[in-house]
Each structure stands twice: as structure tokens, then as C-alpha cells.
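The values are calculated or read from the model by the stated rules, or taken from the named source; none is laboratory data. Bear in mind that the values here come from a model prediction, so they are computed numbers and not experimental data. Methodologically, a virtual Cβ is constructed for each residue, glycine included, from the backbone with ideal geometry; neighbour enumeration extends over all protein chains shown. Ligands, DNA and RNA are stripped out before the accessible areas are found, and what is left, the full protein with its side chains, is counted by its heavy atoms. Shrake-Rupley method; radii C 1.70, N 1.55, O 1.52, S 1.80 Å.
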Amino acid sequence: MVTSRSVTSDGVPEGGGSAGFDPAPARLTVGIVSAGRVGSALGVALERAGHVVFGVSAISDASVHRARTRLPDSEILPVEEVARRSELLLLAVPDSELAGLARGLAGAGVVRAGTIVAHTSGANGVAVLAPLAELGALPLAIHPAMTFTGHDEDIVNLGNACFGVTAADDIGYAIAQSLVIEMGGEPVRVAEADRALYHAALAHGSNHLVTVIVDAVAALREALAGPGLLGQQTVDDQPNGLAERLLAPLASAALDNALRRGRAALTGPVARGDVAAVAAHLEALNSADPLVADAYRALSLRTAQWAATDPALIDLLEERR
């Protein structure tokens, strides 16, 4: 639990700007904008750490349901009221909405000097909160590097998640670190100038992984579309079917090996420099779906570069560049 800091008679923390902050703030009065998958999960984690989530903003039916289910003791309030009463204001809105929200709150004058304002955007650092920082708020970027489903496992998974944190100064970093540790996560410092690269790396390694799997499953479904063995499940376009079960052990092992062994985990025809096999793959995939063939070619070229494989294979893969 973080230790205390002084507040004035109306509940406002003493001091403005970073000089007025104790790196270990006490139990905080927390407001959340909005009660989506991320905001509601972090709200639960903050409450379990001893903070008080007094209010959330929620507009959609799904957000209202999450607020009432996950944070039943919190009031559902307008955004301005949530901001006005918060010691810690958590902005858990989509990346594209964050800058406008920060400007709007600053223009409305509802964020008090001394308020800790944290957002959960991966792409942004603290510069996006400059309008609020100019009014005396302490800006933080606290991004949980995980996928949120809206189900209970989100809260459990926070205990295994890293958070990319960015702050304006060392005091801000100390506060961000304390909050993340209290929520059960591991804080990782990301410089303001590196937020875009940080976010791109996470998107490349997670979102594009889904694309590769979806493409592979589609190709497998076509390859398995004929009559199956006696009693075997018919191949269709529904998830969690025969194609997924066929791919799952291979994909899971590949991911585990890549994370534990790096480029040494590269196997298969591209890493071996098998020009004939890769040429056959491209021909078959092009017949099935030229877009999948293009993706295979691009990723095979990158694989070949990492593996420093047969130059003839690299020439084959570069033909359409």
C-alpha cells in the first residue's frame, strides 16, 4: 500500500505540480473514464489494492453493465463530475479519443491542481495530457500490455502483465511504479520519444500474430475440405474446429520457443533454404488466396533474412518486390 500525503480541507492534495507530490500517495479517491474492458478491470485491481473507485463514466449498455457488475459500489456519473472529484483520474478511452478528452477536460476546468491523471493508451506518452499538466495535474501513461476480453480472466491476467509507464519526471515514475505494483503488474519504463516504437512492437507481435493464424487456418480449411476419416469432424468455417486443433500444438510450441530461444527457434523450409518447397508453397497459396500468398512471401523473406539462408531462396522471395 502506498503511504499518505496531505490534503486541504476540501480534499485537494496540497501543492501544485510535481513538487507537491509524495512519490508514495495514500489511499486514493479514483475516478474512471470510461468503464470499458480496460477501465473496469483496472478499477477492480485498484480497489483490491485499497483505493476507492467512487465513480465511473459509462455510456453504452455494455459499459453500464460492467460498471454495475465489476464496480458495484461506484456511482455512474458524467465525465466532468468524475474528473472534478478524483485524486487519481484514470482515462481508459480509445487512443483516438484521448487528446480530445484531455483538451475538453482542461477547457472545462474540472481537473484540480494536484490530481494524478493517468491514461491507458499504448501509443501515447504524457505529452497528450499537456493541457491538464499545464493546470497542475500530474500526468502518467500506464499501459497494460495485454489483451482484454471483458471477462473475469482479465483481472487475473493483470497479475502476469507488464505495464509500459511514462511520466514527466522521477516523481511521476515513482507514483506510476507504485500503482502498477499495487495492481499486481510489472512496471516497465518507456521514454516519451519511444512510445510509438514500443506500441508498434507490441502490435506487430500480437495483432499480426492473429492475422498469421487466421490466414493459416483458412488455408488449412481448404486443404482439409475433402472427405475426412470415419467419424472425424467435418471441416467448416466455425472456430475451434479441426484446422485449429491441427495448428494449435505447432503454433504454441513455436511461440514458446521464439520467446525462450529467439532466432534459434527458426525451423522449416525457409530457414533450411529449401527453394523447391517454398516455391511449391507460393504456388499452392496463390491458387487458394493470392493475398495469403503475398503475406507468406513477405514473412518468408524476413525469415530468410534472419536465418541468413540460401541466396537463391532470397532471390525467389524478392521477385515481386
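Evaluated against (1) crowded, with 18+ Cβ neighbours inside 10 Å; (2) closer than 25 Å to residue 65 by Cα, residue 153 falls short on exactly one condition, (1). Within the group 12, 38, which residue is open to solvent by 20 Å² or more (accessible area, probe 1.4 Å) and at pLDDT below 95? After ruling out the rest, the residue left standing is 12.
Scanning region 156-170 for residues that are surrounded by 13 or more Cβ atoms within 10 Å (Cβ to Cβ) and over 14 Å from the mean Cα position of the chain (by Cα) yields a total of 4. Considering region 79-98, and only residues there that are open to solvent by less than 60 Å² (accessible area, probe 1.4 Å) and of a type in the set (Asp, Glu), the residue that is nearest to the chain's Cα centre (by Cα) turns out to be 87. Inspect region 49-64 for any residue being touching a Ser or Thr at 6+ places or on another chain (Cβ under 7 Å), charged (D, E, K, R) and open to solvent by 10 Å² or more (accessible area, probe 1.4 Å) and give the result as yes or no. Checked region 49-64: no residue is touching a Ser or Thr at 6+ places or on another chain (Cβ under 7 Å), charged (D, E, K, R) and open to solvent by 10 Å² or more (accessible area, probe 1.4 Å). Note on region 203-237: among residues that are acidic (Asp, Glu) and open to solvent by 90 Å² or more (accessible area, probe 1.4 Å), the one that is nearest to residue 292 (Cα to Cα) is 222. Of the listed requirements (1) more than 17 Å from residue 180 (Cα to Cα); (2) out of contact with any Asp or Glu (no Cβ under 8 Å at 6 or more places or on another chain), residue 117 misses just one: (1). Across region 285-321, which residue is most open to solvent (accessible area, probe 1.4 Å) among those that are part of a helix (DSSP H, G or I) and charged (D, E, K, R)? For region 285-321, the residue satisfying everything is 302. Look at region 297-321: where a residue is touching a residue at least 12 places away in the same chain (Cβ under 8 Å) and within 21 Å of residue 254 (Cβ to Cβ) and a partner is in a loop (DSSP other than H, G, I, E, B) and of a type outside the set (S, T, N, Q), sitting 6+ places away or on another chain with Cβ atoms under 7 Å, you get 297/320; 301/318; 303/266; 306/266; 307/266; 309/273; 313/273.
Only one of the numbered conditions (1) at pLDDT 95 or above; (2) touching a helix residue (DSSP H, G or I) at 6+ places or on another chain (Cβ under 9 Å) is violated by residue 234, and that is (1).
Just one of the listed residues (112, 70) is at pLDDT 95 or above and within 15 Å of residue 29 (Cα to Cα), and it is 112.
Filter region 171-201 down to residues that are of a type in the set (A, V, I, L, M, F, W, C), out of contact with any Cys (no Cβ under 7 Å at 6 or more places or on another chain) and surrounded by fewer than 16 Cβ atoms within 10 Å (Cβ to Cβ), then give me how many there are. Selection size over region 171-201: 7. On the stretch given as region 180-210, residues that are closer than 12 Å to residue 141 by Cβ and either touching a His at 6+ places or on another chain (Cβ under 9 Å) or modelled with pLDDT under 95 (or both) total 4.
Being modelled with pLDDT of 90 or more, open to solvent by 20 Å² or more (accessible area, probe 1.4 Å) and over 17 Å from residue 83 (Cα atoms) is the requirement here; does residue 24 meet it? When the stated conditions are applied, residue 24 does not pass them.
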